[in-house]
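These notes concern the structure reproduced below.
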Amino acid sequence: MRWHDLFDDLEAQMMRAERDAFEDEVRERADAERAAVTLGALLAASVGATVRITLRDGTRVEGTVTDCAAQWLHIADGPREWLVPATAIAALEGIAGGAPEPGLVASRLTLGHALRALADDGGGVFVSAGGAQLRGRIDAVGADYAAVAGKVVPFAAILTVSPAF
């Protein structure tokens, strides 16, 4: 009888060790997959979601994500809308937990592409760049800057771009 209990206990220990090893492997794989998710993927998964964004300067913007690429997202709240560079985001609430990387086209659509489209549209814009608030047309878009109403604004300084009313 004693040996029977001993072997039963040994079998239970072996089953617990196998279960623990399996759970550890699942956790490690989940962590590895999560570590590979980029901000661009989170943004892409958020199209249609209502998000709350805190910008680097503390300003808050809230709305529904209508479009995005790896470097920017476009959100709207009724008639108000903003183009927000990913680099301007200090904190983001309301996004999906994870998603596949943006497709090839979306991953190549830079902030410059979005600003060039706005420049081609010819409408006036309001650019918030920290302490600088610019209103006018986008005159030109370079590799890492935009010229708005005769003033050059580095992409890194841009917090939001919205239509000028």
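Note on the stretch 149-165: residues that are more than 25 Å from the chain's Cα centre (by Cα) and closer than 17 Å to Val84 by Cβ amount to 0. Within the stretch 131-143, the only residue that satisfies the criterion of being of a type in the set (A, V, I, L, M) and part of a loop (DSSP other than H, G, I, E, B) is Ala143. Hey, does the stretch 63-80 have a residue that's under 23 Å from Leu111 (Cβ atoms), in contact with a His (Cβ under 6 Å, 6 or more places away or on another chain) and without any contact (Cβ under 8 Å) to a residue 60 or more places away in the chain? Within the stretch 63-80 (the criterion being under 23 Å from Leu111 (Cβ atoms), in contact with a His (Cβ under 6 Å, 6 or more places away or on another chain) and without any contact (Cβ under 8 Å) to a residue 60 or more places away in the chain), the answer is yes, since at least one residue qualifies. Taking the listed residues Ala45, Ala30, Ala12, the one that is of a type outside the set (Asp, Glu), closer than 30 Å to Ala117 by Cβ and modelled with pLDDT under 90 is Ala45, with no other qualifying. If you go through the stretch 108-130 and keep only what is assigned to a loop (DSSP other than H, G, I, E, B) and either under 23 Å from the mean Cα position of the chain (by Cα) or in contact (Cβ under 8 Å) with a residue 60 or more places away in the chain (or both), you end up with Leu109, Thr110, Gly130. Is it the case that Thr54 is modelled with pLDDT of 95 or more and over 23 Å from Asp144 (Cβ atoms)? So Thr54 passes the test.
The values are calculated or read from the model by the stated rules, or taken from the named source; none is laboratory data. Note that the structure is a prediction, hence the values are computed from the model and not measured. Neighbour counts are summed over all protein chains in view; Cβ atoms, including those assigned to glycine, are modelled from backbone coordinates with ideal geometry.
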